[in-house]
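Data first, discussion second: the structure below is written as structure tokens.
Read-outs throughout are calculated quantities, based only on the coordinates presented, and are distinct from any laboratory measurement. Being a predicted model, the structure only gives us computed values, none of them experimental. Note: ideal-geometry Cβ built from the backbone for every residue, glycine included; neighbour counts use all protein chains shown.
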Amino acid sequence: MKLTAGPPQGPLSSAQGPIGNDHIAGIFEEIANLLEIDDANPFRILAYRNAARTIRALTFEVAELIASGEPLPKLRGIGVDLAGKINEIVSSGDCALHQRLRSTLPPGLVGLLSIAGLGPKRVKQLYHDLGIESAQQLCRAAQQGRIRHLPGFGEKMEARLLRAAQKGIGRDRRLPLAFVEPLAHELIEYLRQIPGVEQATVAGSLRRMRDTVGDIDLLVAAAPSVDVTAHFIEHPEIATVLVKGPMRVSVLLTSGMQVDVRVVEPEVYGAALVYFTGSKAHNITIRQRAQKLGLKLSEYGLFRARQCLASSTEVAVYQALGLPWITPELREDRGEVAAALKGRLPRLIELSDLKGDLHAHTRASDGGNSLEEMAFAATAAGLEYLAITEHSRSLRVAHGLDIERLLEQIDQIDALNARLQGMTLLKGIEVDILEDGSLDLPDDILQRLDLVVGAVHSHFELPLRQQTQRILRAMDHRYFSILAHPLCRLINQREPLNMDLPAIIKAASQRGCAMELNAQPRRMDLFDLQCQYAKDEGVLISINSDAHRCADFAYLRHGVAQARRAWLEAGDVLNTRSLAQLKVFLRDGARERPGRA
DNA sequence: GCCGTTTTCGGCCCGACTGTTTTCAGTCG
């Protein structure tokens, strides 16, 4: 269970905006943490955690629904009491129970929970016996040797807590998927070299293709006689061994990334893979499904009493639960189990469905390759069309194109298209959305392009209303086709823009604009839930590499994975269209939009 | 605090590892 220090910012919420689902869920999680420290009924605590999980998984905004006057639908794990608290939070930003708990327990205690080795029981004991409320006080007490004397603690625990508090071990740090993948595959190869290892696979959030990865989970199948964990910790990249037993080992690499390895016997590989792939929430749901059938599911198999019904493959485990195999990208407990039971799992988009890429650069702006090189690379990536979308003149650091250079490139593309076989280059621009929402190039120039991709590259800090109006105004332009990297987030570097994304998605729907799912590893923008929300609102998603060099088309794979996590089918994605269909979309979109001139 | 195609009361996901203990509580995934 990930513990949260406070209500975090969620994908569809914003600092000064309406109360987002993540805000509500964050409050429920903090209530659960505080109740736990307060030694409340464990099942009451569980109810708050379950409710938080349910709310986070929704694809609509609760606050919006309430604002529209509609009653809250029946949600799993949310009864009369919690529904009342949701209403309270939506109308006031908080609820009385949360405030009462925060007034009786120091809020800093929740922060202590993020220290590795500290759970609610120990936090409570440290607070009651030694008055410890913060990491700093914890360090001081440990250095003075006061912790070792508490019942249940000891010298080792004291030293461990001191180390963890000082180093901040256990703090959340997630890296882009594409950065972690190569390392994980190298470790898999290393494990496969160990004599006696039959299989080794990536599991966890890496296998589910989450946009960011907090740790690397690896699963190994080997006979019990093989000491896999002892071999594994010999790997030169390992800096610290956190825990080590025969079945499990957790280490920190020199880079700081945590790696967890689980070892199982080959006969239970399938059940272990289900378990270790997660998500935790998905696991809980399928275990509840097992319970309903009078069965027990664990990483060792699906059991009726002591009889094992399935364990060797994932397919067998799901089948014995009365379910089809569920692809890892969907295993987030966002309704996939219910959909599977009804035979209504989506037919998810695949990489081979993509016919083109609608966002790419060349040397003309800040790319690294020529028009021709990019065209050949796109062809090699299996694409039939590629939009060249350089930056526009305001973005000087990226050598943005002015009118003259853009017209020059239009001619170059026409000339190149006459020579290309099986590949069509589209004439586009990644035009800057200026601070006031106007576009960086005049309409009569944009009109000459096949498509206009608009993006924010400056003034990231505008207040919510102004940022929202800026983007809405940009989308009003007659020739505006796609909003690129809508959030402008850079993972671990820049937070998403403070804007009313639901309003922007609704506007995109009305105006026939598409939204980009930018597949650059640091961007991955929009999030999966936001793509799903856009789909629900009838907005087409364009999965684009934003390629700056030939090799970047490989990023499309991650974009498709994120789209799959959003339950998108081929039909929900603009660039699965044939070139002819795409042109119809672009032309009709421009005709429907009001135009501002 | 929630929930029910055996239930409106009595359940609520499951197991490994650590450090503290002499059989287990706490934490973690």
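Using Cα pairs closer than 8 Å and at least 6 residues apart in sequence, work out the relative contact order for chain A, in percent.
Numbers: 1110 pairs, mean separation 60.7, N = 597.
This gives 10 percent for chain A.
As a quick test, which of the pairs A:LYS427/A:LYS583; A:LYS355/A:LYS583; A:LYS124/A:LYS296; A:LYS342/A:LYS506; A:LYS355/A:LYS535 have an alpha carbon distance above 23 angstrom in this structure? If you can, show how the numbers build up before the last one.
Values: A:LYS427/A:LYS583 12 Å; A:LYS355/A:LYS583 13 Å; A:LYS124/A:LYS296 33 Å; A:LYS342/A:LYS506 30 Å; A:LYS355/A:LYS535 19 Å.
The answer is A:LYS124/A:LYS296; A:LYS342/A:LYS506.
What is the Rg over Rh value, at two decimals, for the range A:268-341, using alpha-carbon atoms and the Kirkwood definition of Rh?
Working: Rg = 10.8 Å, Rh = 11.7 Å.
The Rg/Rh ratio comes out at 0.92.
Note the direction-averaged projected area, equal to a quarter of the hull surface, for the Cα convex hull of chain A, in nm². It would help to have the intermediate numbers written out before the result.
Working: hull surface 118.4 nm².
Averaging across all directions leaves 29.6 nm² for the Cα convex hull.
Ignoring everything except DSSP H segments at least 4 long, calculate the 222 nm mean residue ellipticity for chain A; use -39,500 (n - 2.57) per segment, divide by total residues, nearest 500. Before the final figure, lay out the partial values.
Working: 24 runs with 247 residues, N = 597.
Estimated from H runs of four or more residues: -12500 deg cm²/dmol.
If you plug each phi of the range A:431-439 into the Karplus form 6.51 cos²θ - 1.76 cosθ + 1.60 with θ = phi - 60°, what whole-Hz ³J(HN,Hα) values come out, in order, with x for Gly and Pro?
These are the phi-based 3J(HN,Hα) values: 7, 5, 8, 6, 4, 8, x, 6, 9 Hz.
What does the charge count near A:LEU517 come to, summing +1 for each Lys or Arg and -1 for each Asp or Glu among other residues with Cβ under 12 Å from its Cβ?
Values: positive: A:ARG523, A:LYS535, A:ARG564, A:ARG565; negative: A:ASP211, A:ASP357, A:GLU516, A:ASP525, A:ASP528, A:ASP546, A:ASP572.
Local charge sum for A:LEU517: -3.
With the radius of gyration and the Kirkwood radius both derived from the Cα set of the range A:21-167, what is their ratio Rg to Rh? Don't skip to the end; give the middle numbers.
Working: Rg = 18.1 Å, Rh = 16.8 Å.
Across the range A:21-167, the Cα-based Rg/Rh ratio is 1.08.
For the range A:21-167, give the magnitude of the charge dipole about the Cα centre (Cβ charges: +1 Lys/Arg, -1 Asp/Glu; no others), in debye to the nearest 20.
Values: 19 positive and 16 negative charges, 157 e Å.
The calculation lands at about 760 debye.
Label points 7 Å out from Cα along the Cβ direction at A:THR254 and A:GLU189: separation in nm?
Rounded to a tenth, the inter-label distance reads 1.7 nm.
Using Cα atoms only, what is the angle between the long axis of helix A:120-130 and the major principal axis of chain A, expressed in degrees (0 to 90) to the nearest 10?
Orientation of helix A:120-130: about 60 degrees from the principal axis.
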